1. From the list Leu179, Leu170, which residue is touching a strand residue (DSSP E or B) at 6+ places or on another chain (Cβ under 8 Å) and in a loop (DSSP other than H, G, I, E, B)?
2. Looking only at segment 168-189, how many residues end up being free of Cβ contacts under 8 Å to residues at least 12 places away in the same chain and surrounded by fewer than 14 Cβ atoms within 10 Å (Cβ to Cβ)?
3. Hey, among Ile80, Ile74, Ile25, which residue is closer than 28 Å to Ala150 by Cβ and more than 14 Å from the chain's Cα centre (by Cα)?
4. Just to verify a result, which residue in segment 1-17, among those that are part of a loop (DSSP other than H, G, I, E, B) and at pLDDT 90 or above, is surrounded by the fewest Cβ atoms within 10 Å (Cβ to Cβ)?
5. Among the residues of segment 129-169, count how many are under 19 Å from Ala113 (Cβ atoms) and in contact with a Gly (Cβ under 9 Å, 6 or more places away or on another chain).
6. Taking the stated definitions as given, is Ala86 touching a strand residue (DSSP E or B) at 6+ places or on another chain (Cβ under 6 Å), modelled with pLDDT of 95 or more and more than 20 Å from Cys137 (Cβ to Cβ)?
7. Inside segment 18-59, can you point out the residues that are touching a strand residue (DSSP E or B) at 6+ places or on another chain (Cβ under 9 Å), part of a helix (DSSP H, G or I) and of a type in the set (A, V, I, L, M)?
Amino acid sequence: MNAPVYGLVLAGGASRRMRTDKAQIAYHGAPQLKVAFDLLARHVERCFISVRPEQRDEPLRASLPQIVDTLDAIGPAAGILAAQTAYPEASWLVLACDLPLLDDATLEALLDAHRREPQRAAIAYTSSHDGLPEPLCALWKPASHAALLAQVESGRYCPRKALLSIDTLLLPARSDGALDNINTPDELDQVQRRLEETT
C-alpha cells in the first residue's frame, strides 16, 4: 500500500472506426480527453495521458502531462507498459479516453478494492458483455508488469489476456453503461441521445 496510485488516460488510438479523433469529441461540453483526465485526476496522486510519438504536439494532447509510447502499433498495452516503465513504483489506474458515461463511483470502487486487497496484482471489472476482465478501466499494480511485458515480447498484445494470467481481483460487472466505450458513429449517436435524455 506504500506504492502511489497514478492515473493514465489512453489517448494514443487511431480512431479508425469512428473516423474522427475520439479524444476531441465533446459529450459534456469539452473534449472527451480533457473530461476523462479531469475525472481521473480527482482520484490519483498524479495523472498523465498516453500518446504515440507523432501525437505529442497535437494541441489538445500537448496541453496535458504525457507519457509517450516506446512500442509501436501494439495498442493499449504500449501505453500501460510505457507508464509502468516510467514510474515502476506506482500502481496505475488506467482508463480508455472514450468512456463518456464513466463516473466517480466506478473509479472509487476500484480504489476501495485496492485498499481492501493490496496484495492483488491488478483489479478490474468483469465485462457485462462477455464476463472477461475489462482492462481499460482497471488498476494495474507493479506486480502486473512482468506478465504484461512477457506477453508483449511473445507477440501477444491483448491486455485482457494479461489480466487473466495474473492475480486479478474481478469486481462485478457494471450494468449502467459506465464502461461502454464508444467506437463508431452509430454508438456515438446512441450515447448522445442517452445523454440528452438525462439532461
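1. When all the criteria are applied, what remains is Leu179.
2. Of segment 168-189, the ones free of Cβ contacts under 8 Å to residues at least 12 places away in the same chain are 186-187, 189.
Applying the additional criterion that residues be surrounded by fewer than 14 Cβ atoms within 10 Å (Cβ to Cβ) yields 186, 189.
Here the count works out to 2.
3. Ile74
4. The qualifying residue surrounded by the fewest Cβ atoms within 10 Å (Cβ to Cβ) is Pro4.
5. 1
6. yes
7. Within segment 18-59, Ala23, Leu33, Ala36, Leu39, Leu40, Ala41 meet the criteria.
Residue-wise test of (1) buried (at least 16 other Cβ atoms within 10 Å of the Cβ); (2) at pLDDT below 95; (3) over 24 Å from Leu39 (Cβ atoms); (4) not acidic (Asp, Glu).
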{"site": "Asp130", "(1), (2), (3), (4)": "no, yes, yes, no"}
{"site": "Trp140", "(1), (2), (3), (4)": "yes, no, no, yes"}
{"site": "Val152", "(1), (2), (3), (4)": "yes, no, yes, yes"}
{"site": "Leu163", "(1), (2), (3), (4)": "yes, no, no, yes"}
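The values are calculated or read from the model by the stated rules, or taken from the named source; none is laboratory data. Every value quoted in this text rests on a predicted model; they were computed, and no experiment measured them. Neighbour counts run over all protein chains shown; Cβ positions are idealised from the backbone, glycine included.
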